[in-house]
Amino acid sequence: MQKIYKKIRCTLPVLCLCATVLGCSLSAEASGKMLVPGGSVVGIKVECDGVLVVGMNEPEGGDLPAFEAGIRTGDVITHIGADEVESIAEFREELADWSGGEITLRVLRGDKTLQFTVTPTAGQNGGELGVWLRDGMAGLGTVSFYDPDTGLYGALGHAVNDVDTGVLIPVREGEIMQAEVSGVVRGECGKPGELIGSFNRDAELGTIESNCGSGIFGHMKSDCAIAKGKALELAERGEVSVGEATVLAGVDGAVEEYSVEISRIYPEDSGERDLLITVTDPRLIEKTGGIVQGMSGSPIIQDGKLVGAVTHVLVNDPTRGYGIFIENMLEAAG
C-alpha cells in the first residue's frame, strides 16, 4: 500500500461556537461513564461544506466583482445559482460555463445565509470573481477520548478554524488518520512550539462528523489501537480539584503520562475555558518546553479518572495552558 505523507504545521485556533451535533444521542450525565483516554497524535483532514473565501485578488480587467457585490473574506460560498458547490473544482466548473450576465451566490456568513448578485469578469477560462478560495485543511491533533459503547471519539477540545481567516470550518466530511511525529519545535515565551509530523492518507482511523467550539467528533474504527485502550471512569466537575494530575501525550511517538498541576478551576459561566493547567514534569518540559501546538486534545487524568483535555497554551508561558472538561465535550457532541 502506498503511503502518502504530508508535512504538517499545526495551530491552536481561536474558539468558535457551533451548533452542529452528531446523529447519536449522549446523556450529559457523566456519573459512572467509562471512556478510553486518548493521547495519540492523529492526522486531521476536513473538507469544507462549500468553499471558503480566504482573500481577494484582481482578475483580468482589474476589478473585484465579488467584493463589490458584498462578498467578504471569511464567507463560505455554498451555491452558484441553484447548484450546490462542494469544492474549488466544482466552483471552477460552474464559472467555466458562464456565458455572460449576472449570477447569484448563496453564502454562509457566521450563522446567517445571505444571497448576492455578481457580474463576473470575463477571463480565459470563463467567469472570474476575484476571490482566493479554500475547500479544506489538514493538520495534527490529539484524540481526547473514545467511547467503547457507541464508537464515538472526541479530539482537540477546540474547533478547527481556518488558519488565515479564523472562521470555523463547516464540515462536509472529514477523517482522522494515522500520524507520525517526526520532531518538536520547543515552546518559548512569546513563541508557541509545535509538533512536526506527517500522516498516512491510506490509514483512516475514523470519521469527522462535527466541528464545534468544544472539539471535533466522529466515530472511530473499533479495531484501531486507540479504541483498544483501558477505559477509565469519567470525572464530574464536582470531583475535580486543584492539585496534582497527569496528561497523556504522544509528543515523540509513543503515548506517555506526564505530571501536571490543575492550577485553577473556572466557574461554569466562564465561557471557553474550564481549567488552567501547569506542566510540572521535567521530561515534558525538556522535550517540548511545556504545551505545544498539536497537543490539543491531550487527556487530563486525576485520581484515576478522566477529567478533561488540553486546549490552548499561554503564549507568554508555554508551561501553562487551558483545558476543557470531557463532560462538556460529551455534551457538545449531542
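The values are calculated or read from the model by the stated rules, or taken from the named source; none is laboratory data. Predicted model only: the values in this text are computed from it and were never measured. Every residue, glycine among them, receives a Cβ derived from its backbone with ideal geometry; neighbour counts consider all protein chains shown.
Per the conditions (1) in contact with a Lys or Arg (Cβ under 9 Å, 6 or more places away or on another chain); (2) part of a loop (DSSP other than H, G, I, E, B); (3) crowded, with 22+ Cβ neighbours inside 10 Å, the sole criterion not satisfied by I176 is (2).
When the stretch 215-238 is filtered for residues that are part of a strand (DSSP E or B) and closer than 16 Å to A155 by Cα, the ones remaining, listed by number, are G215, I216, F217, G218, H219, M220, L234. Total residues in the stretch 186-200 satisfying the condition of being within 16 Å of the chain's Cα centre (by Cα) and among the acidic types (D, E): the figure is 1. Restricting attention to the stretch 239-248, the residues that are farther than 24 Å from S40 by Cβ and assigned to a loop (DSSP other than H, G, I, E, B) total 2.
Residues considered: G323, G289. Of these, the only one that is over 20 Å from Y146 (Cβ atoms), touching a residue at least 40 places away in the same chain (Cβ under 8 Å), crowded, with 19+ Cβ neighbours inside 10 Å and not β-branched (V, I, T) is G289. Within the stretch 148-166, at least one residue is part of a loop (DSSP other than H, G, I, E, B), in the same structural domain as G218 (by TED's automatic domain parsing), of a type in the set (A, V, I, L, M) and modelled with pLDDT under 90. So, I300, is that one modelled with pLDDT of 95 or more, of a type in the set (A, V, I, L, M, F, W, C) and more than 26 Å from S198 (Cα to Cα) or not? No; evaluated as a whole, the condition is false for this residue. Condition test on S263, is it modelled with pLDDT of 95 or more, within 19 Å of L140 (Cα to Cα) and of a type outside the set (V, I, T)? Criteria not met by S263.
Looking for something exposed (fewer than 15 other Cβ atoms within 10 Å of the Cβ) and in the same structural domain as D149 (by TED's automatic domain parsing) - is there at least one such residue anywhere in the stretch 278-285? I'd like the intermediate steps shown before the answer.
Filtering the stretch 278-285 for residues exposed (fewer than 15 other Cβ atoms within 10 Å of the Cβ) gives 282-283.
Retained after the next criterion (residues that are in the same structural domain as D149 (by TED's automatic domain parsing)): 282-283.
Yes, there is a match, as at least one residue in the stretch 278-285 is exposed (fewer than 15 other Cβ atoms within 10 Å of the Cβ) and in the same structural domain as D149 (by TED's automatic domain parsing).
Scanning the stretch 55-105 for residues that are more than 16 Å from D135 (Cβ to Cβ) and among the charged types (D, E, K, R) gives E58, E60, D63, E68, R72, D97, E102.
Within the stretch 69-127, the only residue that satisfies the criterion of being in contact with a helix residue (DSSP H, G or I) (Cβ under 8 Å, 6 or more places away or on another chain), outside any strand (DSSP E or B), free of Cβ contacts under 8 Å to residues at least 40 places away in the same chain and surrounded by 16 or more Cβ atoms within 10 Å (Cβ to Cβ) is V85. For the structure I just gave you, tell me whether G110 is out of contact with any strand residue (DSSP E or B) (no Cβ under 6 Å at 6 or more places or on another chain), assigned by TED's automatic domain parsing to the domain that holds E84 and over 19 Å from L195 (Cα atoms). So G110 passes the test.
Taking residues in the stretch 35-56 that are under 30 Å from L234 (Cα atoms), and partners anywhere that are charged (D, E, K, R) and part of a strand (DSSP E or B), the pairs with Cβ atoms closer than 7 Å and at least 6 places apart or on different chains are K45/E175. Selection over the stretch 129-147 of residues that are out of contact with any helix residue (DSSP H, G or I) (no Cβ under 7 Å at 6 or more places or on another chain), crowded, with 16+ Cβ neighbours inside 10 Å and either in a strand (DSSP E or B) or without any contact (Cβ under 8 Å) to a residue 24 or more places away in the chain (or both) gives a count of 8. Considering S263, S296, the condition of being polar (S, T, N, Q), touching a Leu at 6+ places or on another chain (Cβ under 7 Å) and within 14 Å of P37 (Cα to Cα) is satisfied by S296 alone.
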